[in-house]
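See structure below.
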Amino acid sequence: MKVAADPDPSLVSQPDMEPEAAKDKDSFRNYTSGPLLDRVFATYKLMHTWQTVDFVRRKHAQFGGFSYKRMTVMEAVDMLDGLVDESDPDVDFPNSFHAFQTAEGIRKAHPDKDWFHLVGLLHDLGKVLALAGEPQWAVVGDTFPVGCRPQASVVFRDCTFQDNPDLQDPLYSTELGMYQPHCGLENVLMSWGHDGEAGWGRGRRGPSGAAPLGARGDPPSPTEYMYRMMKFNKFALPPEAFYIIRFHSFYPWHKFGDYQQLCNEQDLAMLPWVQEFNKFDLYTKSSSLPDVAALRPYYQGLVDKYCPGILCW
Ligand SMILES: [Fe+2]
């Protein structure tokens with residue numbers, strides 16, 4: 001079983017936290033021991049077996065119309081009251097609390113950036129798909145590119161992919177897989193998760209490896225669930241917000257530096273934002289739960305400012 005090493009350079013400027021919340025950083029993202037390990041491993045085993053290029057394309061088609069539900073952002077947050085993330089080794093309480101914990105951590109450290117506070121609240125809302133009957137392995141957890149060989153830092157890399165058919169594919173099992181070098185993450189098809197995945201266009205190579213599929217009249221970019229949902233509903237947030245939400249679960253890249261061969265300049269420019277966000281996504285997790293009722297008016301104000309009304313999910 002692979003040990004997810006945790007060198008953690010992002011913690012150098014860690015914000016002040018409540019003593020209760022600031023538990024030992026080495027105790028987060030522990031994929032080798034702990035009371036939730038069996039559940040976490042089982043979720044990743046299913047994910048790494050079934051997340052294939054084919055599967056991801058079908059999910060794009062299934063959820064691309066945003067006809068699943070119509071609701072406000074706050075109604076979606078409330079839906080997460082019913083979801084405990086089975087891929088998360090750190091917490092065993094409903095995801096709605098995690099949304100407020102993350103948002104409040106960001107608010108303390110970046111009081112002037114209200115859009116960033118809202119990103120904390122929004123970042124995992126795509127997990128409502130787990131409540132639409134999608135299995136958790138198709139919604140939660142770290143993401144990784146499909147269509148190329150999984151790199152070393154993917155969680156449980158060495159013991160969960162053996163039954164994934166794409167790893168028998170002569171193209172998909174190579175380091176670059178179906179992609180062009182430095183095509184940009186926006187052109188990479190990520191495993192289907194709550195923060196979405198990227199496009200089908202330029203940069204992706206056909207099964208022969210010869211020409212980019214986008215150049216051969218491939219379908220337009222498919223839906224990336226949360227990211228595309230925000231675009232679809234015209235969220236008035238800055239590009240950094242969209243990028244953070246799109247790639248915050250891509251730990252093998254933003255935390256461990258893998259998949260550099262797929263990155264372009266935009267990705268390198270955005271990386272510090274994703275890493276800054278990650279501090280709060282990860283290290284605000286605490287069993288002392290926030291007073292959601294007291295916080296709600298502030299975040300309702302941000303929702304009204306940046307993404308008001310009844311939205312298409
Ligand atoms: Fe999160």
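The values are calculated or read from the model by the stated rules, or taken from the named source; none is laboratory data. What you are looking at is a predicted structure, and each value in this text was computed from that prediction instead of being measured. Cβ atoms come from the backbone with ideal geometry, glycine included; neighbour counts cover every protein chain shown.
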Original post:
Counting only residues that are closer than 21 Å to Lys113 by Cα and β-branched (Val, Ile, Thr), which one in region 254-313 is nearest to the ligand (Cβ to nearest atom)?
Top reply: Thr284
Original post:
Between a first residue in region 302-313 that is over 24 Å from Glu104 (Cβ atoms) and a second residue that is loosely packed, with under 13 Cβ neighbours inside 10 Å and among the polar types (S, T, N, Q), which pairs have beta carbons less than 8 Å apart while being 6 or more apart in sequence or on different chains?
Top reply: Cys312/Ser67
Original post:
Taking the condition among the charged types (D, E, K, R) and away from the ligand (no atom under 16 Å from the Cβ), does Lys234 pass?
Top reply: yes
**OP:** Inspect all residues belonging to region 252-262 and state whether any of them is touching a Phe, Trp or Tyr at 6+ places or on another chain (Cβ under 9 Å), among the aliphatic types (A, V, I, L, M) and within 28 Å of Phe93 (Cβ to Cβ).
**Re:** no
Subject >> All positions within region 94-141 that are within 11 Å of the ligand (Cβ to nearest atom) and part of a loop (DSSP other than H, G, I, E, B) >> reply: His123, Asp124, Val140, Gly141
**OP:** Within region 74-93, track down each residue that is assigned to a helix (DSSP H, G or I) and either closer than 19 Å to Arg246 by Cα or within 12 Å of the ligand (Cβ to nearest atom) (or both).
**Re:** Ala76, Val77, Leu80
Subject >> Yes/no for His48 being touching a Phe, Trp or Tyr at 6+ places or on another chain (Cβ under 6 Å), free of Cβ contacts under 8 Å to residues at least 60 places away in the same chain and either under 20 Å from Phe232 (Cα atoms) or not basic (Lys, Arg) (or both) >> reply: no
**OP:** Those residues that are assigned to a helix (DSSP H, G or I) and either hydrophobic (A, V, I, L, M, F, W, C) or touching an Asp or Glu at 6+ places or on another chain (Cβ under 8 Å) (or both), I need them from region 61-73; list them, please.
**Re:** Ala61, Phe63, Val73
Original post:
Is one or more of the residues making up region 183-206 crowded, with 16+ Cβ neighbours inside 10 Å, in a loop (DSSP other than H, G, I, E, B), at pLDDT 85 or above and on the phi > 0 side of the Ramachandran plot?
Top reply: yes
Original post:
Which pairs have Cβ atoms under 8 Å, sit 6 or more apart or on different chains, and link a residue in region 88-101 that is under 20 Å from Asn30 (Cα atoms) and without any contact (Cβ under 8 Å) to a residue 24 or more places away in the chain to one that is surrounded by fewer than 22 Cβ atoms within 10 Å (Cβ to Cβ) and among the small types (Gly, Ala, Ser)?
Top reply: Pro94/Gly82
